[in-house]
1. Can you pull out the residues in region C:257-276 that are open to solvent by 10 Å² or more (accessible area, probe 1.4 Å), at the interface with another protein chain (Cβ under 10 Å from one of its Cβ atoms) and not hydroxyl-bearing (Ser, Thr, Tyr)?
2. Evaluate region C:224-231: report whether one residue or more is within 11 Å of chain A (Cβ to nearest Cβ), within 10 Å of the chain's Cα centre (by Cα) and open to solvent by 40 Å² or more (accessible area, probe 1.4 Å).
3. Taking the conditions exactly as written (open to solvent by 10 Å² or more (accessible area, probe 1.4 Å) and part of a helix (DSSP H, G or I)), does B:Arg171 satisfy them or not?
4. Looking at (1) modelled with pLDDT under 95; (2) farther than 27 Å from A:Pro227 by Cβ; (3) in a helix (DSSP H, G or I); (4) within 12 Å of chain A (Cβ to nearest Cβ), can you tell me which one C:Val244 breaks?
5. Considering each of A:Glu171, A:Glu241, A:Glu216 in turn, give the residue that is among the charged types (D, E, K, R), part of a helix (DSSP H, G or I), within 11 Å of chain C (Cβ to nearest Cβ) and over 16 Å from the mean Cα position of the chain (by Cα).
6. For region A:184-203, check the following and say yes or no: at least one residue is modelled with pLDDT of 90 or more and under 24 Å from C:Val35 (Cβ atoms).
7. Check whether at least one residue in region B:69-77 is of a type in the set (Lys, Arg) and more than 19 Å from B:Lys44 (Cβ to Cβ), and report yes or no.
8. Taking the condition of being of a type in the set (Val, Ile, Thr), in contact with a Ser or Thr (Cβ under 7 Å, 6 or more places away or on another chain) and in contact (Cβ under 8 Å) with a residue 60 or more places away in the chain, how many residues in region A:233-268 meet it?
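The values are calculated or read from the model by the stated rules, or taken from the named source; none is laboratory data. Note that this is a predicted model, so its numbers are computed, not measured. Every residue, glycine among them, receives a Cβ derived from its backbone with ideal geometry; neighbour counts consider all protein chains shown. Quick note on the areas: whole protein, heavy atoms, side chains included, nothing else; ligands and nucleic acids left out. Shrake-Rupley method; radii C 1.70, N 1.55, O 1.52, S 1.80 Å.
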Amino acid sequence: MAKSRGFDIRHQRGFTPIALLCFVLLYMPIIILVVYSFNAGQSIAIWEGFSLRWYQAAWENEQVQDATIRSLVVAGAASFIATSAAVLAALATTRTPPYRGSTFVFAMINQPLMVPEIVTAVALLIFFAMIKVATGYTGLWYLILAHSAFCIPFAYMPIRARLQGMDLSLEQAGADLYGTPWRVFRKITLPQLWPGVLAGAMLAFVISLDDVVITEFVKSAGQDTLPTYMLGQLRRVITPEVNAISTVLLAISVILVMAFFVLSRSKK
Amino acid sequence: MIEVTNVTKTFGSGADAFTALKEVSVTIRQNEFFTLLGPSGCGKTTLLRTIAGFIDPTSGSLSLEGRDILGDPPYLRPVNTVFQNYALFPHMTVAQNVGFGLEMLDKPRSEVQATVREMLELVKMTQLADRQTSEISGGQQQRVALARALAPKPKVLLLDEPLSALDFKLRKEMQIELKRLQSETGITFVFVTHDQEEALTMSDRIAVMNEGRILQIGGPRDIYDHPAERFVADFIGDTNFVEGTIRAIDGEAAEVELPSGKTVASRRQEGGPQAGAVTIAVRPEHATLQAGEGLLSGTLSNIVYFGTDTHYHITLDDGHAFVIRRQNQPDARESYAVGDAVGVSFAPGVAQVLRD
Amino acid sequence: MAGRADTAAARRRWLLLTPALLVLIFAASGPLLIVVVYSFLTPGDYGGIEWMFSTDAWFNVVASRDFFDETVTWNDAHLSIFWRSVKLSLMTTLACFIFGLPTAYFIATRPKGQRDFWMLLIIIPFWTNLLIRTFAVMEIIRNEGVVNTFLINMGVIQEPIQMLFTDFAIMVGMTYVYLPLMVLPIYASLERLDFSLVEASYDLYARRWRVLRRVILPLAKPGMIAGSILVFVPSLGAYVTPRVLGGGKNLMLGNLIELQFGQGRNWPLGAALSITLLAIVMVALLIYVRQAEREGSHG
């Protein structure tokens, strides 16, 4: 019998290969997608040389321009509304003794995480259809409100986490020195809370930017965002132009998520 | 029974390398309560984990009952451990914990149950057999850990500072309990501790370790009365160190000349120094105080009353400090005062010549 | 005194909560109630509804009545979609578990300083666009995709294997997309695992497999249950992945619901199906919460 040199209690047979395979499988499709966005040819499987032509094509495509602007407007507005509402909600629900209705508030805030997206999408379709008939308004606010709602829990989480980790004595000292609640909030709480707020806003922005299902159901005619535009394209012959758009979206998400990671780790 | 031969263990490599065991050799006998004693970081736990099979030595050999067990994984070694934090399985009851080892050895159910009952009785935990391990006290967890490790009837039981988490009173109780368990089961115990008192009260033999080496192996009395090295003398109990010069040796006897010019019959260890300047060690309770001249002379600098005994702090003529401990007698009056000129004496053979 | 301070604090609290609650009621919870109402109405001729009470929608979820002779039979079309959704979701959960457990274990056994890095590798795909990740899978498994091209060039196969637009594709896609949801909670419970317990089991004669089965897995159970539910729930309601990767006939519940809201379709039925899906999800989440509470009270 060969001597087993060194007994590793953490070792489990096959676990490390599966884990490494898992990481490879997780990244391979994304990497291939990014690589073919630079393909000179029409194909998304046969490499014909490096080129930026599909980025140019996407850049000059009016529908893409249109959808990009709409995506950014909706994500910007929705993350602003969601983050503002989440800051207030976090202030109300963090560091307080147990109160009546806390379960209701918890359920309400987290509801978008629990209810399947397709159900929310259908509900919004029905509800907004009624309002559209009643008011005749078919603008972008339906999308912005719908996005705001499902972004709230994502904005709320990091803000609440930040608030929980904050030093209460500073605020008490501020109030002690005759600060009005608003001034204490602005001069003491908010500066400390800021990384959490920023992190929440970024998360909300990413979530809004990535949404497909609810947008697909809520949007009026001609209101494609980038993801719903792509969803429509997937039914046709796909050129690397879709890869190029995807790569840009991916890059935005990755940068924001990394920034979120750094922010939520930053020391108080 | 357990033969550890020239075992060296180096962790890491290059500049970060740290050698936890340096050429350690020791023989642990059958049915012995053997203690590895030393300060934290001395390598005692590394040695214990090497025997258990969790650490693979860099070099050297290890055998149990004459069989080389170095290549065996922990689950093939007939050795069980009582872990420092007990490591009881939180998702099992007390009885399930105790039966775990036997179950893993695929013993029949009836045998497992019988042994579990026997073990719980041995550690007086029968009442709590069906409790969750989180529902019992620290002392009780300690007993369960013991029962669990004893249940498979290992050839050797390894105990890694098992009493360090207990409070003082419980620790005293468990010391007696451990000794009883050892003599009742007849299993060899290898006990790791940094507490010299624990080592002295329980052990048949003690190995004193420091910086990865075993400095001295012997019975508690032997280690206490005849420390071979300065570290051993210092680590176990209190000691006075006096500089001297060997004038003559004869086996274990040595004539040592003291700074005062007088000579005293001392003991030396085999392989110890044979000539020249040496340090000798004298326990405070082995020296006597007298008015006037002794082997050494000096001035009383402090008298500290401790109830059971009194400590006399003396500044010797050469400036070194010396402490004498004297048992108090009922209604005795203190006959010395600070500032008195006093002499220090000790019987022939009391002073130990130390290796450096 | 105390009472007045309490009511003032309560008023302030609800005032601060108002904006969030308003948005959520207007664009999330409120509309759900309307869906419930719709499920009890009569479908309109050209989509939409007529304000007339009816339980037909609920009846039609699982059964159908023959147009001519009024005999009642099981609605096979719906039942098979229900079954396919549950089956694919369970298989997805299982696949995520098979890949997720070793991955979480691998990360949890890295040196402390490296764990964040590996976790970041898991989290990044999770926060990137679901549609894009599905699209990435599509590109790989299509007939002209990398996998088939590779296999043909290697001479393993002559004709491309049809993977896209099959149930298999849906399962692969959902596994790919939801895997992080399995890894995260299992990692959380493994990271807290006291490895001296593992050491103790080896010391007590347990071999690798038994240590895994008797000690590691039971102690990671809360994370495994959480992960399974976190994967199962979105799989059951999946819409984008089956739409992109599944064929025209390979529908899941989410797509069946969508179908009911086209022109001239049955809105009340769609509403009833939505509520059914929601109910299943709520039951799963309830089990999860129960489990979490039980674990919480133990430790």
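1. Selection gives C:Glu258, C:Gln260, C:Phe261, C:Trp267, C:Ile275.
2. Yes, region C:224-231 contains at least one residue that is within 11 Å of chain A (Cβ to nearest Cβ), within 10 Å of the chain's Cα centre (by Cα) and open to solvent by 40 Å² or more (accessible area, probe 1.4 Å).
3. yes
4. (2)
5. Exactly one of A:Glu171, A:Glu241, A:Glu216 is among the charged types (D, E, K, R), part of a helix (DSSP H, G or I), within 11 Å of chain C (Cβ to nearest Cβ) and over 16 Å from the mean Cα position of the chain (by Cα), namely A:Glu216.
6. No, every residue in region A:184-203 fails to be modelled with pLDDT of 90 or more and under 24 Å from C:Val35 (Cβ atoms).
7. no
8. 1
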